Amino acid sequence: MRRRRGGFPWFAYLVVILGAVAMVMPFLDMVMSSFKGAGEYGVIPYRLLPESFGLDNYRAAFEQLELVRLFRNSVIVTVSVTVSVLITSSLAGYALAKLRFRGRAVIFRFILATMMLPPFLLLIPTFLIMLNWPLAGGNDLLGRGGDGGLTTSLVALILPFTVSGFGIFLMRQFMVSLPDEMLEAARIDGANQWQTWRLIVLPQTKPVAITLGLITFIGTWNEYIWTLLISSSSPELQTLPVGIQLLQSFLDPDRTMPIVMAGLVISTLPVLAVFLAFQKYYVRGVVLSGLK
Amino acid sequence: MAAAPGRGGIHRDGRAAYLFLAPALLFFCVFLVLPFLFAVVLAFSDWGGFDLGTIEFAGVSNFADVLRFDGSFVRPILVNTLLFAVGSVTLATFGSVLVAYCIDRLSFQGFWRVLYFLPVVATVVAIGNVWKMMYQPAGLINGVLNKLGVNSIGFLSDSSYALPAVTVVHAWASIGGAVLILTAGLKAIPEMYYEAAEVDGANSWRMFWQITLPLLRPSLLFVLITQFIGGLQSFALIIVMTTDGGPVNSTNVAAFEMYQQAFKFGAWGTASAMAMVLFVIILAITLLQLWIARRRGEETS
């Protein structure tokens, strides 16, 4: 149903296909390299295809990279952050969309403003705050004396991401369009605000919750800088991206690159599967954030 | 528009609202307001350790050091940051306009957009390492160059190629997001403009320049500015691909230098001043964006 102007758009096909090759080629190279055996990688002239499709690198990745531990950390952090972002965004979004109270406009503006603070600016102070968190990791009430504060537990990877200004904004925009009659009916039936939110509003937010959940899931699964920083003194906290990156920087690249590629394939698959299954919702979230 | 207050009215609504907002507001106080104020204080102080008792007020000396023209920050680091951001935003915008416009004329549009979107979903560690591998003398790109009779290029080891090499990767990774936003913009252009132009006998080249591009301007501007801001502050790709911003600082950018100063050398003050300088640049661009949007009457509702 899209506009067709003049015959077969061969030029458009040419551009899009060439571009698509450039987009997919690196991933194809990643997958192919993950199957290359000893002595096959780093050889001139370059060859894309491996001689045989052995799984040795995947076996080595599980052993040398301790993928099970990295995977577990990634899952714990990602699920915790996603669930808490969904809950806090839905609660705050409902209040901003449907409840009348003093300071609503000011609080909404404040939440929009939080999205303007770039993460790199908060990196140093947030690290120091986590380090000096009162009553954590042996710290006293003033945050002194301990060794590491909150930075030695997975809490450090979850807590700074539990609320999202963008998430609140997205939820609020969606909830504004929910019919007031529905909420009033609940209230006439004697539901308090908590029950109205839990039983009436929450079930209605499924489409936007999937969008926000996906964006949060993919963003958290792939988060790198903060985890790198926190886990630099506590390697047991590494997630998949950080663990794989640190291993590859220690060892001889020609021998380990195929193993690293196997690890990267494994770490990319969950997020790729989730994206492909729900890409409609993810795409909508990106477009929504572009239209704000 | 808003819910009519029932019995108990505004008071009951208000208490519930504050309770619902409490987790978010408490969070923003601890993880945004407090760190922001702390960042400002740090930028004006001299401090190397972990004991807050030893912090000393240093006035603007950190800024004076950072912004000195013969110092190491302005050149090459701030210049690198701008080249990296301008280079990647130019490549990504040009590429995404071309691709979005072409996809809009094909069948299976969803399929094509998903392909372009793959790098947006992948972790920076995967992207960085795969490209690092492709840039090697024995990698895919030099393999193709050799086939064409060109000698291998040390993309990441030669200081004159390294910055363009990582810039290309950053642009490559951000095309998919831009394509989506531009597609939404393209779909919003009424079909009748094209029909009218067709009746007048305009070819597709003229339609692109005289209809598509002018009407796409709001989305285009959004993409340009957000991508530029993203380019100014990103450094994960640089850590992954170069480890230390090398060779000889040729790929070092401001946010990465801040990271190094803080967590490698413990120079909290210097690092925070660098962060502030970058923040002010980004804030100016953000305000410019808001100003342009407001002038066009596209303010957020």
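The values are calculated or read from the model by the stated rules, or taken from the named source; none is laboratory data. Here the structure is a predicted model, which means the values were calculated and not measured. Note: ideal-geometry Cβ built from the backbone for every residue, glycine included; neighbour counts use all protein chains shown. Each accessible area value is taken on the protein alone, full model and side chains, heavy atoms only, with ligands, DNA and RNA left out. Shrake-Rupley method; radii C 1.70, N 1.55, O 1.52, S 1.80 Å.
Residue count for region A:184-196 satisfying the condition of being assigned to a helix (DSSP H, G or I) and either surrounded by fewer than 22 Cβ atoms within 10 Å (Cβ to Cβ) or modelled with pLDDT of 95 or more (or both): 7. Step by step: first the residues of region A:113-126, then only those that are facing another protein chain (nearest Cβ under 7 Å) and open to solvent by 30 Å² or more (accessible area, probe 1.4 Å), then the one that is modelled with the highest pLDDT. Which residue is that? Checked region A:113-126; the qualifying residue modelled with the highest pLDDT is A:Leu117. Comparison of B:Val150, B:Val223, B:Val144 shows that the only residue that is of a type in the set (Val, Ile, Thr) and more than 10 Å from chain A (Cβ to nearest Cβ) is B:Val150. Among the residues of region B:146-187, those identified as within 23 Å of B:Gly95 (Cα to Cα), open to solvent by 40 Å² or more (accessible area, probe 1.4 Å) and part of a helix (DSSP H, G or I) are B:Pro164, B:Val168, B:Lys187.
Here region B:83-118 is the region considered, the condition is being within 20 Å of the chain's Cα centre (by Cα) and of a type in the set (S, T, N, Q), and the residue that is nearest to B:Val253 (Cα to Cα) is B:Ser88. Is it the case that A:Glu51 is more than 9 Å from chain B (Cβ to nearest Cβ), touching an Asp or Glu at 6+ places or on another chain (Cβ under 8 Å) and open to solvent by 70 Å² or more (accessible area, probe 1.4 Å)? Taking the combined requirement at face value, the residue satisfies it. Across region A:149-175, the number of residues qualifying as in a loop (DSSP other than H, G, I, E, B) and open to solvent by 20 Å² or more (accessible area, probe 1.4 Å) comes to 4. Of the residues making up region B:47-66, those that are open to solvent by less than 80 Å² (accessible area, probe 1.4 Å) and part of a helix (DSSP H, G or I) are B:Gly53, B:Thr54, B:Ser61, B:Asn62, B:Phe63, B:Ala64, B:Val66. Which of the residues that make up region A:90-109 are surrounded by 16 or more Cβ atoms within 10 Å (Cβ to Cβ) and at the interface with another protein chain (Cβ under 8 Å from one of its Cβ atoms)? Matches in region A:90-109: A:Leu91, A:Ala92, A:Tyr94, A:Ala95, A:Leu96, A:Lys98, A:Leu99, A:Phe101, A:Arg104, A:Ile107. In region A:65-108, the residue that is nearest to A:Glu236 (Cα to Cα) out of those that are of a type outside the set (A, V, I, L, M, F, W, C) and free of Cβ contacts under 8 Å to residues at least 12 places away in the same chain is A:Arg72. Just to be sure before I move on: is A:Val274 part of a helix (DSSP H, G or I), open to solvent by 20 Å² or more (accessible area, probe 1.4 Å) and modelled with pLDDT under 90 in the structure I sent? The answer is no for A:Val274. When region A:46-80 is limited to residues that are outside any loop (DSSP other than H, G, I, E, B) and touching a Gly at 6+ places or on another chain (Cβ under 6 Å), the one that is modelled with the lowest pLDDT turns out to be A:Ala61.
Only residues that are outside any helix (DSSP H, G or I) and of a type in the set (A, V, I, L, M): list them for region A:81-135, please. Within region A:81-135, A:Leu99, A:Met115, A:Met116, A:Leu117, A:Leu135 qualify. With respect to being surrounded by 17 or more Cβ atoms within 10 Å (Cβ to Cβ), modelled with pLDDT under 95, hydrophobic (A, V, I, L, M, F, W, C) and assigned to a helix (DSSP H, G or I), B:Leu220 fits the description.
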